[in-house]
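To start, the structure itself, in structure tokens.
What follows is calculated from the coordinates using simple rules that are stated; it is not laboratory data. All values derive from a computational prediction rather than experimental measurement. Positions of Cβ are backbone-derived with ideal geometry, glycine not excepted, and every protein chain shown enters the neighbour counts.
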Amino acid sequence: MTSPLSDLSGPTRLYLALYLVTLLLHLASAGFVLGGQLLVAASVLRRRRAGAPSGLGPADFVRDWLPLALGVAITLGVAPLLFIQILYSEEFYSANLLLSHRWMAIVPVLIVGFYALYLQKSRWLATRPWSWQLGVSLGAAGCFAFTALSWTENHLLSLDRAAWAELYASGAWIYHDERILPRLALWICGALAITAWLSALGLHAVAGRRVAVEAASWRRLALLGLAALACAAAAAGWLALAGAADGPQWSDPALRPWLAVAAAGAVLQAIGWSAMLMGRSRRLALSLAGVGLAAALSGVLLLRELERLARVDLTALSAQHAQAMQRGGLWVFGLFLVVNGLAVGWVIRRAVLASRTAA
């Protein structure tokens, strides 16, 4: 098949590019929240047997940063939410309305998860029984997993026009599709890969600055990164087997370049994590894994969008997008993107300085 991108007008391509770039930024922070909370929950389970750590470990680092990361993820989610409404308004709003209260449940669930993040790093919870700590950690992980499931379900429903009438007539709030679970599994694996790299980067930044890092941290994060890659490959295979017959197949020529980008990214990550596992240069290992992670996420996002463009005709909205470009709103978006980016960067920098001072 020919690439759906070749038929798009200039304004539509610009909106699509802005959507993908801002979505990538949101995905990085949201993935850290989901994967990080799963890491914290696993750490609570492990510590019942292992006892107190000898230094700052990955889960301790992640636990401290999760509340801020969730705030950053929500802030960075505003821009892609804006662009998805410009590009796919009919599909997006239809899926929202059909899922009804089930979709709106994301809001209270995220509020509960947000407070749970602060609760799990409090001194009060640290003095409670282990079962309380485990309950809070698993509860927060459940909140973010539910959110990821809801967005996956919403995305697939937005592309399945044939199911809209039946779902509306039945009054059901849940959409069933065999691709939901493999897609969710793939995104969770991506979240764990993001968590492994950001955690290793953060620990590398604070190591040697009056902060004792647990000796086993680097090995654990390298193993987590490699395990995430292996599970992502399995989830991708599962998703390929469950792919819709009417959608683009992975053998289509238009998909091959982005499949190659995603595969190359996975290989670079594997090399980087293997180097860290063997005790090689940590800086080089993190650089390779970071470049690989960026390439893999970019490739997967492009594949996801090409699948959607094969089902949604954006050329019909070219005139609408051209008119939107003439209304002067783009420069306002650019201005606030810069302002918000600087504000988020300042907050993160202040948090880093505060953590070093506390240490």
Environment charge of S199, counting only residues whose C-beta is closer than 14 Å and scoring Lys/Arg +1, Asp/Glu -1 = +1
Furthest towards positive pole of dipole, G225, A235, S199, structure part the chain, Cβ charges | S199
Have a look at W103, A165, W124 and report the one farthest towards the positive end of the charge dipole of the stretch 96-194, computed about the Cα centre with Cβ charges (Lys/Arg +1, Asp/Glu -1).
-> W124
What is the gain in length, in nm to one decimal, between R349 and A240 on full extension, counting 0.36 nm per residue of separation less the C-alpha to C-alpha distance?
-> 35.1 nm
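How much net charge surrounds P80 when only the other residues with a Cβ under 14 Å from the Cβ of P80 are counted, with Lys and Arg +1 and Asp and Glu -1?
Working: positive: R304, R308; negative: E305.
Local net charge: +1.
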Simple spin-label estimate for A17 and D313 in nanometres, 7 Å along Cα-Cβ | 2.6 nm
To the nearest µm²/s, what D does Stokes-Einstein give for the stretch 4-358 at 4 °C and 1.567 mPa s, using the Kirkwood radius over alpha carbon pairs as Rh?
-> 60 µm²/s
Summing -39500 (n - 2.57) over every DSSP H run of at least 4 in the chain, dividing by its residue total and rounding to the nearest 500, the 222 nm mean residue ellipticity is -27000 deg cm²/dmol
Based on the Cβ-Cβ distance of W130 and N96, what FRET efficiency does E = 1/(1 + (r/R0)^6) give at R0 = 51 Å, to the nearest 0.05?
-> 0.80
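Would you mind counting up the charge near L288? Only other residues with Cβ under 14 Å from its Cβ, with Lys and Arg at +1 and Asp and Glu at -1. The partial results should precede the final answer.
Details: positive: R280, R282, R283; negative: none.
Local net charge: +3.
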Taking the Cα centre of the chain as origin, work out the dipole magnitude from +1 charges on Lys and Arg Cβ and -1 charges on Asp and Glu Cβ, in debye rounded to 20.
-> 1980 debye
Between 0 and 90°, nearest 10: helix 130-159 axis offset from the chain longest Cα axis | 20 degrees
Among the trypsin sites (Lys or Arg not before Pro) in the stretch 284-343, which ones are in a DSSP loop with at most 13 other Cβ atoms within 10 Å of the Cβ? Mind listing them?
-> R327
Once both label points are put 7 Å beyond Cα along the C-beta direction, the V112-A162 separation in nm becomes 3.6 nm
Difference of contour (0.36 nm per residue) and Cα-Cα distance, V78 to R123 | 12.9 nm
